[in-house]
1. Quick check on packing: order 192-202, 142-152 by the mean number of other C-beta atoms within 10 Å, highest mean leading.
2. On a full-extension model of 0.36 nm per residue, what is the gain between ALA166 and ALA53, subtracting their alpha-carbon distance, rounded to one decimal in nm?
3. Rounded, prolate or oblate: which fits the chain when a ≥ b ≥ c are the square roots of the eigenvalues of the alpha-carbon gyration tensor, with rounded for a/c under 1.5 and prolate only if a/b beats b/c?
4. What ranking do 120-126, 88-94 get when scored by the average of other Cβ atoms within 10 Å per residue, highest first?
5. Using mean Cβ contacts within 10 Å as the protection proxy, how do 9-20, 166-177, 129-140 order, highest first?
6. What is the Cα radius of gyration of the stretch 63-206 over 2.2 N^0.38 Å, N being its residue count?
7. Projecting each Cα onto the charge dipole of the chain (Lys/Arg +1, Asp/Glu -1 at the beta carbon, about the Cα centre), which of PRO132, ILE85, VAL16 comes out farthest on the positive side?
8. Between 0 and 90 degrees, rounded to the nearest ten: what's the tilt of helix 10-63 against the longest Cα principal axis of the chain?
Amino acid sequence: MSENQKGFTLVELLVVLALSGIVTAAVYKSFTAQQQVYVAQDQVAGMQQDVRAALEIMIKELRMAGYDPRGTAGAGITAATNSMIQFTADHNRNGVLVSPGPPPDNDAHENITFSLRPESDPDGDGIATVFPSELRRSSWGVPSPLAENVEILNFVYLDAENKVIATPVSSDDLARIRSIQVFIVVRSDQEDRHYRDTSTYTNLLYDRDHTEAQALKWGPPNDGYRRRVLKTTVKCRNAGI
């Protein structure tokens, strides 16, 4: 063996191993951070897409509340609270609203209720306290999920002069409803430990007038869930006809 042939000393090997470890740890940390960001963004995109689709369904059906082309079905809004709405519409234009059989002899869209899953909102205020939660669409009392992890479902009812109708809306005032403000807050399925939600969430009525009794302001939750808000006003096209 040549006397000029050299190798690595133990110290050099230890230095190389230490540097390799530092580089590997940095790469792993960067990858983990990027993965967490991707997962969070994917959750937010998914929940936003789901709740937007659910809201589109709600808007379409709320606009048809009270649809009664023959004037004999007695269709209209039948119950309205700040967390639930039930209404009928004569979609099959047969002039009557018939409860299901058996066998069912009515249109599945003629008696609709929107609400949160009761087990998630035990006090019925429209703010879920037990999860998993979901926004439900019930047809003739048979529920089906519209969107998951809906934390707030809030309705405000306005008359022809755009004045607020107190909830729960009395049977005498149901016919006065001309438009409905819908306020939905949906949250991510999992918490992000690198994120803290310090936002407050308000319905359209709060945005307009903080003093109204039904103006809703909620938060901040101070947790790691990411949330998205949807607010809209639906005109009841068939009301007052």
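Read the figures in this text as sums done on the coordinates, not as results from a lab. Because the structure is a prediction, the values reported are computed rather than measured. Note that we place each Cβ from the backbone using ideal geometry, even for glycine, and neighbour counts take in every protein chain shown.
1. Values: 192-202: 14.5, 142-152: 18.9.
Sorting 192-202, 142-152 by mean packing, highest first, produces 142-152, 192-202.
2. Details: separation 113, 0.36 × 113 = 40.68 nm, distance 2.87 nm.
Separation in residues times 0.36 nm, less the Cα-Cα distance, equals 37.8 nm.
3. On the way: a/c = 4.22, a/b = 2.70, b/c = 1.56.
Prolate, since a/c reaches 1.5 and a/b exceeds b/c.
4. Details: 120-126: 16.3, 88-94: 19.0.
For the peptides 120-126, 88-94, the packing ranking is 88-94, 120-126.
5. On the way: 9-20: 9.9, 166-177: 15.1, 129-140: 17.3.
Peptide ranking by packing, descending: 129-140, 166-177, 9-20.
6. Working: Rg = 17.2 Å, N = 144, 2.2 N^0.38 = 14.5 Å.
Output field value: 1.18.
7. VAL16
8. Relative to the chain, helix 10-63 is tipped by roughly 10 degrees.
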